[in-house]
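Shown next, in structure tokens, is the structure this report addresses.
The values are calculated or read from the model by the stated rules, or taken from the named source; none is laboratory data. Quantities reported herein were computed from a predicted structural model and do not represent experimental measurements. In this analysis, Cβ positions are derived from the backbone assuming ideal geometry, glycine residues included, and neighbour counts consider all displayed protein chains.
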């Protein structure tokens, strides 16, 4: 495979074992390993009316899979890789999904997973719920901590999934029964889908963790304590309850009134005792 061909297509080394790719014929194949690198031949499992092992010419890979400028294969959207491995769809529906491959992969990559910066500011750190920088800062601390905890939890799930994937792959090599092998392959495909979903989720959690870090830095103006949440909490809660009191109407329920005026009365007494 010469240099000009490398520029036009993708590097053979960019192919990832277990990932599904689309051929120019409209068929899908799962990449296994390179058989003859110099001639650009690789081994794949063709997904069609009759599943079969076959040698696939590297240059038969559809250009719809690739980001040519970056020399990187553009994988099928993760849900599509799972769907294309069964016969739940009519051929017409399969053709539709194949024609939408690039769009669906792009949609998978750019879909919203967790909160945007706008949602974080408007839905979480809004002035009604958190009227001063201190309360906004400490809410950012809470939100960031929850995101980090959940990132750790998903990392455990990811590691378990990796072990399960290796076990299934080992079983597939050892199994001689056709139905057992088919069932094991389903387990493998499910692991790959979970893997892609968890990777997307984990990386988006990091994005939000970074945004909470940015907010904390912007809010830390030196006017409040950033080591102990309780130091400025009385002042923050006082303003929050005043905001809630101003929203009460004649139609507010007795419970709503008590939930506002009770804590507000307590806080004002505590502030008076401190003066």
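Checking 135, 140 one by one, the residue that is more than 28 Å from the chain's Cα centre (by Cα), modelled with pLDDT of 95 or more and not assigned by TED's automatic domain parsing to the domain that holds residue 243 is 135 and no other. Residue check: is residue 201 in a helix (DSSP H, G or I), buried (at least 16 other Cβ atoms within 10 Å of the Cβ) and in the same structural domain as residue 125 (by TED's automatic domain parsing)? The answer is yes for residue 201. The residue that is surrounded by the most Cβ atoms within 10 Å (Cβ to Cβ), counting only those in the stretch 90-120 that are without any contact (Cβ under 8 Å) to a residue 60 or more places away in the chain and closer than 30 Å to residue 260 by Cα, is 119. Within the stretch 228-270, the residues that satisfy the criterion of being farther than 23 Å from residue 142 by Cα and either part of a loop (DSSP other than H, G, I, E, B) or assigned by TED's automatic domain parsing to the domain that holds residue 131 (or both) are 247, 248, 249, 250, 251, 252, 253. The residues of the stretch 207-230 that are surrounded by 13 or more Cβ atoms within 10 Å (Cβ to Cβ) and either touching a helix residue (DSSP H, G or I) at 6+ places or on another chain (Cβ under 8 Å) or modelled with pLDDT under 95 (or both), listed by number, are 208, 209, 211, 212, 215, 216, 219, 220, 224, 225, 226, 229.
Is it true that residue 225 is out of contact with any strand residue (DSSP E or B) (no Cβ under 9 Å at 6 or more places or on another chain), outside the structural domain of residue 133 (by TED's automatic domain parsing) and part of a helix (DSSP H, G or I)?
Working: out of contact with any strand residue (DSSP E or B) (no Cβ under 9 Å at 6 or more places or on another chain): yes; outside the structural domain of residue 133 (by TED's automatic domain parsing): yes; part of a helix (DSSP H, G or I): no.
So residue 225 does not fit the description; no.
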